[in-house]
Amino acid sequence: MDEQESLPPHVLIFPLPLQGPVNSMFKLAELLCFSGLHITILLTENIHNRLVLHTDITSRFDQCPGFQIKTISDGLPDDHPRDGGKFLEVFDSLRTKTKTLFKDMLTSDLLCFDLDGKERRRVSCIIADGVLGFTCDVADEISVPIFCVRTISPCCLWIFFCLPKLIESGEYPFEDDNLDELIKSVPGAETFLRRRDLPSFCRSGDLTDSNIQLYKTEGQENSRAHGLILNTFEELDEPILNQMRTICPNLYPIGPLHAHLKKKQTTLRPSSNSLWAEDRTCIDWLNNQLPNSVIYVSFGSIATMTNDQLIEFWYGLVNSGQKFLWVIRPDSIAGEEWRSKIPVDLATGTKERGYIVEWAPQEEVLAHPAVGGFWTHCGWNSILESVYEGKPMICWPYFFDQQVNSRFVEKVWGIGLDMKDTCDREIVEKMVKDLMVLRKEEFLGRANHMSKLAKNCLMEGGSSYSNFDRLVKDIKSLSDKV
Ligand code: UDP
């Protein structure tokens, strides 16, 4: 037997450099490491620097000789903002500049494990974010097996798979301005998916839009990999997963990843992968509130709002009379003037019933018994975290897959209310009251049921547990052939 083959498989994990994908792919990396595989997680220098600043990643893996972190340049200058609005620039730079570096790293010894200065194992398998299509090219060129991961929702990914059909059928671009018209070319969603629920970039109606160009080949791109790893569970997304299997037969739904890791975590303490400093004082505040009495409000790591939206949201929250914990990131509102112009009634209402932080330990907040609902932008990680904890949601989708996710929250899973395309204090007030008071039992009942399914799928024999076992076996058998 070749000396390399007697060593555990060495898996290279390459996440997209954004908070959501980094968070969930770190969890996948840790899960695979606990299963006895050797793992290298490859982070862009920018993401690595921020994680070093705000988390324990430099010491977390001290006890794990099979885990290493390596960095790669994203090809952009240090002062590039790399935020939501500029993300396509990051993406282009990764594709044009990082691709060559990536291949060089894989073909040199740079990524080898150095065990006791003797044994060295080359990368025997790649797991990359499926949107980084160039990783499939490189894997082909150097004959290393590759699996793709999509950290967005399967319901949105399915729409990407259907984009060519939407365009061929003439449904897209839209013929008129009626955003409530139902979409017919997305199998499985014909009865509830409206034009307004398509991914946000579809609103442009421009077939040359770079997002449309990028995502319309998703079906072909993802099916090039050996399999597609998804952060969901069968019981939540079964109809959509069955549709996706017609294009990518080998799916591994192994989520919710954050909870899957907690279940398996034996040696490491649970840690955050936050790119911002967590303000833990909000947990002390929650400890003094009644069960199910607080609505937690957070619009994730990228979404921004205008000053007017901020004021409408704030009045809606204060006027609802409910307690609220609100994350307002320093970069989520343009300009600083809002801080000096807070109307007196809002300041008073917040002092009485609210608590505001710049970044929260969200998983812990959602697991807190005082939290009875979540007003979210519908990022996929946030939804899964909320589903797992059985917290009903109000959805204010900002962009990308969030427009699709929010429709599924309301119409498919029945665990929340979708307020997309509105931003009005009366609507906010009504929805908060509905979720937290008037229709509380109805929403909590369905959310608790979904939470039980999410917990069961991670038990021995459960769907995500078994899919994860299958993934590890498949990685091992493919690595043996490298
Ligand atoms: N998050 C957090 N603290 C906050 C807000 C968000 O830890 O105050 C985490 C949240 O738990 C989730 C991630 O940031 O894991 C956001 O990912 P998501 O997919 O929901 O949205 P995105 O930020 O990508 O838009």
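Brief remarks follow.
- Qualifying residues in region 287-303 (those that are among the hydroxyl-bearing types (Ser, Thr, Tyr) and either surrounded by fewer than 17 Cβ atoms within 10 Å (Cβ to Cβ) or at pLDDT 95 or above (or both)) - the one farthest from residue 420 (Cα to Cα): 293
- Wholly within region 1-90, helices (runs of 4 or more DSSP H) carrying at least 3 residues that are at pLDDT 90 or above and more than 16 Å from the ligand (Cβ to nearest atom): 19-34, 45-54
- Residue 207 in contact with a Cys (Cβ under 9 Å, 6 or more places away or on another chain), over 22 Å from residue 29 (Cα atoms) and either small (Gly, Ala, Ser) or free of Cβ contacts under 8 Å to residues at least 60 places away in the same chain (or both): no
- Residue identified as part of a helix (DSSP H, G or I) and surrounded by 14 or more Cβ atoms within 10 Å (Cβ to Cβ) among 444, 417: 444
- Here residue 397 fulfils each of the conditions (1) within 14 Å of the ligand (Cβ to nearest atom); (2) closer than 15 Å to residue 299 by Cα; (3) at pLDDT 95 or above; (4) in a helix (DSSP H, G or I) apart from (4).
- Within region 30-48, being touching a residue at least 60 places away in the same chain (Cβ under 8 Å) and under 19 Å from residue 151 (Cα atoms) holds for 30, 31, 32, 40, 42, 47.
- Among the residues of region 55-74, those that are crowded, with 18+ Cβ neighbours inside 10 Å, over 20 Å from residue 37 (Cα atoms) and either touching a strand residue (DSSP E or B) at 6+ places or on another chain (Cβ under 9 Å) or free of Cβ contacts under 8 Å to residues at least 24 places away in the same chain (or both) comprise 72, 74.
This table checks each residue for (1) more than 16 Å from the ligand (Cβ to nearest atom); (2) hydroxyl-bearing (Ser, Thr, Tyr).
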| residue | (1), (2) |
| --- | --- |
| 225 | yes, no |
| 232 | no, yes |
| 241 | yes, no |
| 255 | no, no |
| 292 | yes, no |
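- Selection from region 318-337 of residues that are farther than 25 Å from residue 400 by Cβ and either β-branched (Val, Ile, Thr) or not in a strand (DSSP E or B) (or both): 318, 319, 320, 321, 322, 336, 337
- Among (1) surrounded by fewer than 21 Cβ atoms within 10 Å (Cβ to Cβ); (2) under 19 Å from residue 231 (Cβ atoms), the one test that residue 405 misses: (1)
- Matching option when the condition is buried (at least 22 other Cβ atoms within 10 Å of the Cβ), of a type outside the set (Ser, Thr, Tyr), touching a residue at least 60 places away in the same chain (Cβ under 8 Å) and within 14 Å of the ligand (Cβ to nearest atom), among 373, 379: 379
- Which numbered condition residue 385 fails, given (1) outside any helix (DSSP H, G or I); (2) within 14 Å of the ligand (Cβ to nearest atom); (3) modelled with pLDDT of 95 or more; (4) closer than 30 Å to residue 163 by Cβ: (1)
- Of the listed requirements (1) assigned to a loop (DSSP other than H, G, I, E, B); (2) farther than 17 Å from residue 385 by Cα; (3) within 16 Å of the ligand (Cβ to nearest atom), residue 272 misses just one: (2).
- Any chance residue 252 is among the hydroxyl-bearing types (Ser, Thr, Tyr), in a strand (DSSP E or B) and either touching a Lys or Arg at 6+ places or on another chain (Cβ under 8 Å) or crowded, with 16+ Cβ neighbours inside 10 Å (or both): yes
- Residue 290 being under 18 Å from the mean Cα position of the chain (by Cα) and not basic (Lys, Arg): no
- Within region 131-142, residues that are under 23 Å from residue 211 (Cβ atoms) sit with their Cβ atoms under 8 Å from residues that are aliphatic (A, V, I, L, M) and not in a helix (DSSP H, G or I), at 6+ positions apart or across chains, in these pairs: 131/16; 132/16; 135/126; 135/128; 135/146; 136/128; 136/146; 136/225.
- One residue stands out among those in region 364-382 that are more than 19 Å from the chain's Cα centre (by Cα) and small (Gly, Ala, Ser): the one that is farthest from residue 317 (Cα to Cα), which is 370.
- Lone qualifier among 452, 433, 476, 411 - being modelled with pLDDT of 95 or more and in contact with a Phe, Trp or Tyr (Cβ under 8 Å, 6 or more places away or on another chain): 411
- Pairing residues of region 15-29 that are of a type in the set (A, V, I, L, M) with residues that are assigned to a loop (DSSP other than H, G, I, E, B) and near the ligand (Cβ under 9 Å from one of its atoms), at Cβ distances under 8 Å and at least 6 apart in sequence or on separate chains, gives 16/151; 18/301; 18/302; 22/273; 22/275; 25/151.
- When 183, 167, 142 are checked against the criterion of being surrounded by 19 or more Cβ atoms within 10 Å (Cβ to Cβ) and either more than 21 Å from the chain's Cα centre (by Cα) or at pLDDT 95 or above (or both), 183 stands alone in meeting it.
- Of the residues making up region 338-357, those that are at pLDDT 95 or above and either within 16 Å of the ligand (Cβ to nearest atom) or not in a helix (DSSP H, G or I) (or both) are 354, 355, 356, 357.
- Selection status of residue 455, of a type in the set (Lys, Arg), within 24 Å of residue 285 (Cα to Cα) and touching a helix residue (DSSP H, G or I) at 6+ places or on another chain (Cβ under 9 Å): no
The values are calculated or read from the model by the stated rules, or taken from the named source; none is laboratory data. Note that the coordinates shown come from a computational prediction; the quantities given were computed from them, not determined experimentally. As a convention, Cβ positions derive from the backbone with ideal geometry for all residues, glycine included, and neighbour counts pool all protein chains shown.
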